[in-house]
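Data first, discussion second: the structure below is written as structure tokens.
Values quoted throughout were computed directly from the atomic coordinates according to the rules given, and no laboratory measurement underlies them. Quick caveat, the model's predicted, so the values are computed rather than measured. All Cβ positions, glycine included, derive from the backbone under ideal geometry; neighbour counts span all protein chains shown.
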Amino acid sequence: MADNYTEQQYGRNQEEKVPLGKGQNDKNEKKESTGIHRHPGSFLQNQTKKVVAVHDLSGVGRVSLMAVIPILSSMGFQVCPLPTAVLSTHTQYPTYSFLDLTDEMRHIIENWEKMEVRFDTFYTGYLGSPQQAQIVEEFILKFRRENDMVVVDPVLGDNGHLYKGITEEMVTEMKKLIRLADVITPNLTELFYLLDRPFQERITDAELKKALKALSDQGPSIVIATSVPVSGDPRSTSVYAYNRLGNRYWKVTCPYLPAHYPGTGDTFTSVITGSLMQGDSLPIALDRATQFILQGIRATFGYEYNNLEGIMLEKVLHNLNMPIQVSSYELVE
């Protein structure tokens, strides 16, 4: 960061130097000709990266923004929520209240535009309607700068089926949204929906590699497929990734624990996002995210506990700032 600051300051100084021959008899102007022009306190400017998180907010349950905010904040980033809805609990509870914020999303974005707010990363998760997806597409196209990163978790379904309330129109809009993304993190079900292919519960490495590349060809440089079964080993699960820059495939395998906790997808993609923002390589980001999920599940698993509340993030957040202990990624040939 210090080097970046010095280079930027040098560029400003070069532009602001007094031309030769002007003000040579003025001591003050002569001093200015050295190019030392700094706004008082400029070295104290806030350099924290901003990530705008387009997710819903549930009062109970560590999902969506209730996972995104603590994870990315713990990793040193400022999270700016663009909430899509406010719920009393997430939707896997038997009852919940729901406030749709589609109209308010436009007002928030309009106000950010007036304030000339800028973000370093755009990170989207569950979107409640095709209209919200369109709003997000317009938002990214209007605000995105050349070096900004876009991460899309295309929340559509699982176990071969769309989630309740997700329509084919939503699938169509999600296909448009991922074209703007640098990174997407579909599970196996979402991967096939985005490719308009029938769901396959079992898939070979060769078939999966072709699917990942086909999805990358639609726009995103990095495609990460989660919840991929391991052939012949029901006690393990895998994450596969393709990086078009380098044309390489990566794989991380981890133990499967027989427990379901809502929000693990949000947690995984949040750690991936933060890891890439802090400069980790793709395989290290995959390792960091899978290890964190495993740590969270293990920290939660032994308690007599309502699994609907999600993994106990509070017990493992500090691990996000620790070095990777054992790398388990593989380069898939």
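What the table below lists for this structure:
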read-out	value
Tilt relative to the chain, helix 168-178 - C-alpha long axis, 0 to 90 degrees, to 10	40
Alpha-carbon centroid distance for the pair the stretch 209-245 / the stretch 62-108, whole angstrom	27
Point-to-point label distance, VAL60-GLU104, nm (Cα→Cβ direction, 7 Å offset)	2.1
Förster-model FRET efficiency, 22 Å R0, ARG202 and ARG248, C-beta, rounded to 0.05	0.35
Relative contact order, percent, the stretch 48-332 [alpha-carbon distance under 8 Å, six or more residues apart]	17
Whole-Hz ³J(HN,Hα) from phi, Karplus 6.51 cos²θ - 1.76 cosθ + 1.60, for the stretch 98-115, glycine and proline x	8, 10, 6, 10, 4, 5, 5, 4, 4, 5, 4, 5, 4, 5, 4, 5, 4, 7
Which of VAL151, ASN187, ALA285, positive extreme of dipole for the chain (C-beta unit charges)	ALA285
Highest-fluctuation residue, PRO81, PRO130, PRO258 considered, GNM on the chain with Cα pairs under 10 Å	PRO258
Dipole axis of the stretch 191-333 (+1 Lys, Arg; -1 Asp, Glu on Cβ), positive-most option in THR204, ASN321, GLY232	THR204
Rounded FRET efficiency, nearest 0.05, which uses the C-beta distance separating ASN147 from GLU333 and R0 of 30 Å	0.40
Structure-based [θ]222 nm, the chain - -39500 (n - 2.57) summed over DSSP H runs of at least 4, per residue, nearest 500	-11500 deg cm²/dmol
Local net charge near SER216, Cβ-Cβ under 13 Å (Lys/Arg +1, Asp/Glu -1)	+4
Local electrostatic count at GLU168 - Lys and Arg +1, Asp and Glu -1, tallied over other residues with Cβ under 15 Å	0
Span from the the stretch 116-182 Cα centroid across to the the stretch 277-333 one, whole angstrom	24
ALA214-GLU304 FRET efficiency (beta carbon distance; Förster radius 45 Å; 0.05 resolution)	0.50
Translational D in µm²/s for the chain (Stokes-Einstein at 10 °C, 1.306 mPa s, Kirkwood Rh from C-alpha pairs)	73
Helix 2-16 vs. the chain, principal-axis angle (Cα, 0 to 90°, nearest 10)	40
Tilt relative to the chain, helix 264-277 - C-alpha long axis, 0 to 90 degrees, to 10	30
GLU113-LEU257 pseudo-label distance in nm [points 7 Å out on the Cα-to-Cβ vector]	4.5
Cα-centre dipole for the chain with unit charges at Cβ (Lys and Arg positive, Asp and Glu negative), debye to 20	780
Around HIS55: net Lys/Arg minus Asp/Glu count, Cβ-Cβ under 12 Å	-3
Of LYS50/LYS175; LYS164/LYS210; LYS50/LYS251; LYS50/LYS210, those spanning more than 31 Å from alpha-carbon to alpha-carbon	LYS50/LYS210
